[in-house]
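Okay, handing you the structure first.
The values are calculated or read from the model by the stated rules, or taken from the named source; none is laboratory data. Because the structure is a prediction, the values reported are computed rather than measured. Note that we place each Cβ from the backbone using ideal geometry, even for glycine, and neighbour counts take in every protein chain shown. The accessibility values were calculated without ligands, DNA or RNA, using every heavy atom of the protein model including side chains. Shrake-Rupley method; radii C 1.70, N 1.55, O 1.52, S 1.80 Å.
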Amino acid sequence: MRDAAPHILIVDDDPSIIEALTLALRGAYVVHGAATGDEACAALEQHPVAGIVLDVLLGKEHGLDLVGRFRALSPAPILVLTAYGSEEVAARALRAGVSDYLRKPFNLEDLKDSLSRLIR
């Protein structure tokens with residue numbers, strides 16, 4: 001049953017990323033998408049998510065600035081995706097308390113493995 005699957009939230013300002021990840025992950029997860037921090041917070045208030053996949057750059061918002069807001073609404077682990085592979089971004093992600101970090105472009109199997117490990 002689909003409702004028995006864990007819910008995850010994909011936060012990315014690129015609709016094609018949300019669509020691709022939804023297609024790739026459906027069946028194993030119930031996937032919700034959000035393009036902004038406000039949309040993501042609304043989704044977190046409505047759905048008990050087991051994991052959050054968060055892009056670092058969301059248009060005018062920085063994904064890592066949203067981690068505190070997300071943590072106030074959900075204890076779900078946060079997996080960060082970024083096209084920026086700098087040590088500074090990785091260090092900031094760790095300081096923000098994210099659970100895992102993948103660079104774009106990422107291997108879909110690596111993403112699935114990370115989610116599986118984080119969501120038990």
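Name every residue in the stretch 14-24 that is open to solvent by less than 50 Å² (accessible area, probe 1.4 Å) and either assigned to a loop (DSSP other than H, G, I, E, B) or of a type in the set (Ser, Thr, Tyr) (or both), in order of residue number.
Hit for the stretch 14-24 is 22, nothing else.
Can you pull out every residue in the stretch 25-49 that is open to solvent by less than 30 Å² (accessible area, probe 1.4 Å), in contact (Cβ under 8 Å) with a residue 60 or more places away in the chain and aliphatic (A, V, I, L, M)?
25
Now for a different question. Could you list, in sequence order, all residues of the stretch 66-104 that are in a loop (DSSP other than H, G, I, E, B), surrounded by fewer than 17 Cβ atoms within 10 Å (Cβ to Cβ) and either among the hydrophobic types (A, V, I, L, M, F, W, C) or at pLDDT below 80 (or both)?
83, 84, 85, 86, 104 - these are the residues of the stretch 66-104 that are in a loop (DSSP other than H, G, I, E, B), surrounded by fewer than 17 Cβ atoms within 10 Å (Cβ to Cβ) and either among the hydrophobic types (A, V, I, L, M, F, W, C) or at pLDDT below 80 (or both).
When both residues are 6+ apart or on different chains and their Cβ atoms are under 6 Å apart, which pairs have a first residue that lies in the stretch 103-119 and is farther than 20 Å from residue 87 by Cβ, and a second that is open to solvent by 90 Å² or more (accessible area, probe 1.4 Å) and of a type in the set (Val, Ile, Thr)?
If the second residue must be open to solvent by 90 Å² or more (accessible area, probe 1.4 Å) and of a type in the set (Val, Ile, Thr), no pairs are left.
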